[in-house]
Amino acid sequence: MEKKQTILIVDDSPTIRSILQMILKGNGFTIKTASNGSEALMEAEKSPPDLLLLDIEMPGIDGFETCRRFRSSKTLSKIPILFLSSFDDVGKKVKAFQAGGVDYISKPVQKEELVARVETHLELKRLQEELYKKINDTERLIHILCHDVSNPLTCITGWAEMLVLDNRIEKDKQLSYRMKRILQSSHQASDIIDHVREMEKLSRQKKALQLEPVSVKEVIENALVIFENRMKEKKITFECVPDLAGLETRILAEKISFTTNVFHNLFSNTLKFSYPGSVISLFIDENEKEVHLTLKDKGIGIPGNLLENIFTPDASTSRPGTSGEDGSGFGMPLMKQYMDYYGGSIMISSKPEAEFPQQHGTEFQLTLKNGQQGYRKKKASAGNKEVKAS
């Protein structure tokens with residue numbers, strides 16, 4: 001049998017307590033009462049109610065202070081508090097919400113209104129608890145997956161490291177090249193797992209995302225290695241302006257997340273929707289404050305209805321690539337989330353092939369804070385440490 005929900009009525013008037021009790025008990029609720037704020041806190045500490053109906057004007061601590069004390073308690077902070085008052089001015093209502101109330105009901109109470117509001121806030125509380133449970137279950141699943149994947153991955157990395165150093169494999173250039181790519185990919189996978197764990201801490205506000213100067217050249221080179229085979233399969237050429245060889249640009253970001261969750265995501269998406277034999281271009285422009293990374297393709301473009309929802313997590317934006325590649329549609333919302341963490345921005349402009357048969361393609365522009373100054377400080381600091389050590 002389902003447990004009845006408990007409502008604690010707090011009012012210094014025995015008559016009002018009796019009327020409210022009669023209304024709510026008749027609608028299937030278990031009722032407890034208290035005549036003042038201190039009594040309500042003691043009663044709630046013994047057995048927390050599902051909802052609180054709280055008068056404002058009471059002897060001792062008033063309703064506002066009682067509400068604040070409930071909100072500061074670890075065990076009572078989530079209880080919905082509905083204020084009851086004969087005062088109907090805006091100032092009192094604002095003060096009630098500022099104290100932590102979720103609703104405000106004016107006296108004399110109307111039976112239908114009272115029951116409707118109580119039921120609404122109890123349902124909201126139930127949905128909130130359900131959401132928290134799902135979040136906790138998801139976090140627990142992520143933790144288990146990270147742990148269980150790490151063990152075989154550590155084994156793969158260990159064997160790959162041994163084979164890379166094996167003289168017999170080193171003599172075979174093609175085999176040596178492939179083994180180094182396996183090792184690099186396993187390290188990349190380990191970094192991703194570590195970062196998922198960091199993001200879990202971040203989502204629980206246990207740890208702030210640590211931003212640092214990140215070499216744009218290293219990010220691009222990493223992507224070219226990871227997507228080398230896909231580029232060969234589609235015969236796609238990559239060009240960088242200015243030339244990658246002498247590039248010293250640095251951005252302010254978190255290295256692993258920007259490399260894997262932002263740039264890899266963006267590059268993969270561009271590859272997916274580019275035609276075989278086409279060119280992908282990256283233009284890098286910087287000033288003292290910002291760095292603009294503009295990635296352009298001459299692919300199929302993004303239709304307007306998809307473009308306007310491309311950063312919405314629950315919108316369906318997935319579609320097959322030019323060679324039938326699959327996609328989840330989650331990449332862009334995730335990328336936007338990370339760009340927000342960095343204090344950056346992302347802009348997309350696109351010309352769908354159906355509308356622009358001669359000039360179709362998409363342009364992504366990432367704007368991030370320039371990390372060159374931070375890099376110089378970091379380098380100078382490291383130099384000072386070396387001098388001291390010698």
Boolean, THR362 is modelled with pLDDT of 65 or more, within 25 Å of PHE283 (Cβ to Cβ), surrounded by 15 or more Cβ atoms within 10 Å (Cβ to Cβ) and in contact with a Phe, Trp or Tyr (Cβ under 6 Å, 6 or more places away or on another chain): no
Given the conditions (1) acidic (Asp, Glu); (2) more than 37 Å from the chain's Cα centre (by Cα); (3) surrounded by 11 or more Cβ atoms within 10 Å (Cβ to Cβ), and given that GLU112 satisfies all but one, which numbered condition is not satisfied? (3)
Under 8 Å by Cβ, and 6 or more places apart or on different chains, what pairs join a residue from the range 122-143 that is among the β-branched types (Val, Ile, Thr) with one that is modelled with pLDDT of 90 or more? none
Of the criteria (1) out of contact with any strand residue (DSSP E or B) (no Cβ under 9 Å at 6 or more places or on another chain); (2) of a type in the set (Ser, Thr, Tyr); (3) part of a helix (DSSP H, G or I), which one SER77 fails: (3)
Could we say that GLU221 is out of contact with any Lys or Arg (no Cβ under 6 Å at 6 or more places or on another chain), on the phi < 0 side of the Ramachandran plot and in the same structural domain as TYR342 (by TED's automatic domain parsing) here? no
Residue count for the range 295-314, restricted to those that are surrounded by fewer than 17 Cβ atoms within 10 Å (Cβ to Cβ) and either touching a helix residue (DSSP H, G or I) at 6+ places or on another chain (Cβ under 8 Å) or part of a strand (DSSP E or B) (or both): 2
Given the criteria of a type outside the set (Lys, Arg) and either outside any helix (DSSP H, G or I) or in the same structural domain as LEU54 (by TED's automatic domain parsing) (or both), does TYR132 qualify? no
Of the residues in the range 78-106 that are farther than 19 Å from GLU39 by Cα and among the aromatic types (Phe, Trp, Tyr), the one that is surrounded by the fewest Cβ atoms within 10 Å (Cβ to Cβ) is PHE97
Answer with yes or no whether LYS336 is under 22 Å from SER281 (Cα atoms), modelled with pLDDT of 85 or more and assigned to a helix (DSSP H, G or I). yes
Complete set of residues in the range 230-267 that are assigned to a strand (DSSP E or B), farther than 23 Å from SER345 by Cβ and not acidic (Asp, Glu): THR237, PHE238
Looking only at the range 317-326, which residues are surrounded by fewer than 16 Cβ atoms within 10 Å (Cβ to Cβ) and at pLDDT below 85? SER318, ARG319, PRO320, GLY324, GLU325, ASP326
Please state which one of GLN188, GLN184 is in contact (Cβ under 8 Å) with a residue 60 or more places away in the chain and of a type in the set (S, T, N, Q). GLN188
Among the residues of the range 108-117, count how many are in contact (Cβ under 8 Å) with a residue 60 or more places away in the chain and either assigned to a helix (DSSP H, G or I) or under 30 Å from ASP191 (Cβ atoms) (or both). 3
Options THR120, THR154: the member that is more than 20 Å from VAL196 (Cα to Cα) and either among the β-branched types (Val, Ile, Thr) or outside any helix (DSSP H, G or I) (or both): THR120
Just to check your reading of the model, which residue among THR75, THR66 is closer than 23 Å to GLN5 by Cα and surrounded by fewer than 20 Cβ atoms within 10 Å (Cβ to Cβ)? THR75
Tell me, yes or no, whether the range 346-358 has at least one residue that is assigned by TED's automatic domain parsing to the domain that holds GLU254 and modelled with pLDDT under 90. no
If ASP191 satisfies all but one of (1) under 19 Å from the mean Cα position of the chain (by Cα); (2) at pLDDT 85 or above; (3) surrounded by 13 or more Cβ atoms within 10 Å (Cβ to Cβ), what's the number of the condition it fails? (2)
Which numbered condition ILE61 fails, given (1) in contact with a helix residue (DSSP H, G or I) (Cβ under 8 Å, 6 or more places away or on another chain); (2) more than 18 Å from ASP12 (Cα to Cα): (2)
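The values are calculated or read from the model by the stated rules, or taken from the named source; none is laboratory data. Model, not experiment: these values are computed from the prediction. Neighbour counts are summed over all protein chains in view; Cβ atoms, including those assigned to glycine, are modelled from backbone coordinates with ideal geometry.
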